[in-house]
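Values quoted throughout were computed directly from the atomic coordinates according to the rules given, and no laboratory measurement underlies them. What you are looking at is a predicted structure, and each value in this text was computed from that prediction instead of being measured. For neighbour counting, all protein chains shown are included, and Cβ atoms are generated from backbone atoms with ideal geometry for every residue, glycine included.
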Amino acid sequence: MKFLFLLTQIEEAWDVSPPGEAERVYEQYMAIERELKAQGKFVESVRLRSRSEAKTLRNLLAGQREIVDGACFDSKEAIGGFYVLDLASMDEALEWAGRMPNYGHGAIEIRPLWE
């Protein structure tokens with residue numbers, strides 16, 4: 001069964017994090033990614049650029065659309081990236097999520113994918 005891991009963050013928190021913190025967290029993610037690949041559980045991973053570079057296409061009534069600057073949701077947290085993993089169960093997904101770096105902000109939302 002495939003699962004989507006949405007990784008959120010508070011982008012501004014990185015501005016005040018200790019020197020080298022972002023690099024440390026990145027290396028921890030890469031170590032987990034290597035392990036997932038070795039076990040045949042890795043499908044895809046993408047790191048997203050800042051939400052300040054995003055555009056959102058909003059669907060309006062009567063078939064109209066509107067393009068706005070920024071992310072889709074007005075929230076303190078932003079989606080920083082995602083993983084798609086091929087795992088046996090939600091319990092296994094939660095185990096892998098629990099091994100991912102805890103950098104003191106953000107969250108990991110796990111959703112099963114329709115196949």
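Descriptive notes on the structure:
- Computed label-point distance, nm, for sites C72 and S50 using a 7 Å Cα→Cβ extension: 2.2 nm
- Angle in degrees between helix 90-99 and the longest Cα principal axis of the chain, rounded to the nearest 10: 80 degrees
- Estimated at 0.36 nm per residue, the fully extended path between S17 and E92 surpasses their Cα-Cα distance by 23.9 nm.
- Take every Cα pair under 8 Å whose residues are at least 6 apart in sequence, average their separation, divide by the length of segment 2-112, and the relative contact order is 49 percent.
- Summing Lys and Arg as +1 and Asp and Glu as -1 over all other residues whose Cβ lies under 10 Å from the Cβ of E35 gives a net charge of +3.
- Only beta bridges with both residues in segment 2-112 are counted; by DSSP, about 100 percent of them are antiparallel.
- Protection proxy ranking, highest mean first, for peptides 54-65, 104-115, 77-88: 77-88, 104-115, 54-65, where packing is the per-residue count of other beta-carbon atoms within 10 Å, averaged.
- Crossing angle, helix 21-38 versus the chain [Cα axis fit, 0-90 degrees, rounded to tens]: 70 degrees
- Three-way shape call for the chain based on the alpha-carbon gyration tensor, with the a/c threshold at 1.5: oblate
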